[in-house]
Every structure is written in structure tokens, then in C-alpha cells.
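Trainee: Submitted below is the structure of interest, expressed as C-alpha cells.
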Amino acid sequence: MTKLERAKFRVKIRSLLEEARIIRYEERKAARGPDHNTLHLHRVGILRSEARSTQLAYGFARGVPYGATESSARRPDLKRIAAVVRSLTCREALPHDIEAWMKEVPIPTT
């Protein structure tokens, strides 16, 4: 992974984090009602899912074992992870590549 690719991932991760902060602030200003609900659903649905996919794509691109990246019972969106890897790196990542990466057993470091 090149320095430029790493920087692209960091920028995307930070911008998603900042977007979540801004939406949370706007949620508080909107109090309760349809505006609050729309903002909240965007933050916890779309934005959270995109942030997770980006973090997993970053781990995949860096070669970090899946088990060290997250320990979740929910299955991630493999197509979205592959799309993020393709958009931020020069690598072609297919969903079955992501699947194989997820099945690798990390070596425990004790």
C-alpha cells in the first residue's frame, strides 16, 4: 500500500467521522420530530455502515487480519468493501477475495 493510498483512506475515515459529529450536533438542534429522525436514521444506518466498510477495506488493503480489525457477529457488506478498496487503491478486490481474508485465522500475539 502506497503512502498516497494510505492517505486517501485516512481522509475518508476522518471525513466520515466528522460527518457523524456534524449530524449528531444537528440532531440535538432539531430536538424531536421528522428532521431529527431523518438525521438520526442517516447517521446510524447509512453513515455507520459506510464507516464500517471503510475501516474493513483499510484493514484488508493493509493486510491486517480480519480478526484484528473487528470481532463482529454481523456479516459485513463484501461488495461495498470491495468497492471502497477499488476506489481508494489501484488494486482490484473482488468479494470472494474479501471473503477469503475474513476466513484467515490470525496468529495470536501473547
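Just so it is clear, none of the values below were taken in a lab; they were calculated from the coordinates. On a predicted model such as this, the values are computed, not experimentally measured, just so you know. Note that we place each Cβ from the backbone using ideal geometry, even for glycine, and neighbour counts take in every protein chain shown.
Trainee: Near LYS29, which lysines are there with a Cα under 30 Å away, not counting those fewer than 8 places off in the same chain?
Mentor: LYS12
Trainee: Show that you can apply the helix-only estimate: for the chain, add -39,500 (n - 2.57) for every DSSP H stretch of four or more residues, divide by all residues, and state [θ] at 222 nm to the nearest 500.
Mentor: Rounded to the nearest 500, the figure is -21500 deg cm²/dmol.
Trainee: Just to confirm my numbers, what's the Cα centroid distance between region 1-51 and region 75-103 in Å?
Mentor: 21
Trainee: In whole percent, what relative contact order does the chain give with Cα contacts below 8 Å and a gap of six or more residues?
Mentor: Rounded, it is 25 percent for the chain.
Trainee: Mind checking which lysines have their C-alpha under 21 Å from LYS103, skipping anything on the same chain fewer than 8 residues away?
Mentor: The reachable lysines, counting only those whose Cα sits under 21 Å from LYS103, are LYS79.
Trainee: Around HIS36, what is the net charge, scoring Lys/Arg as +1 and Asp/Glu as -1 over all other residues with Cβ under 12 Å from its Cβ?
Mentor: Result for the local shell: +2.
Trainee: If packing is taken as the average count of other Cβ atoms within 10 Å, what order do 22-33, 50-61 fall into, highest mean first?
Mentor: Per-residue mean Cβ counts within 10 Å order the peptides as 50-61, 22-33.
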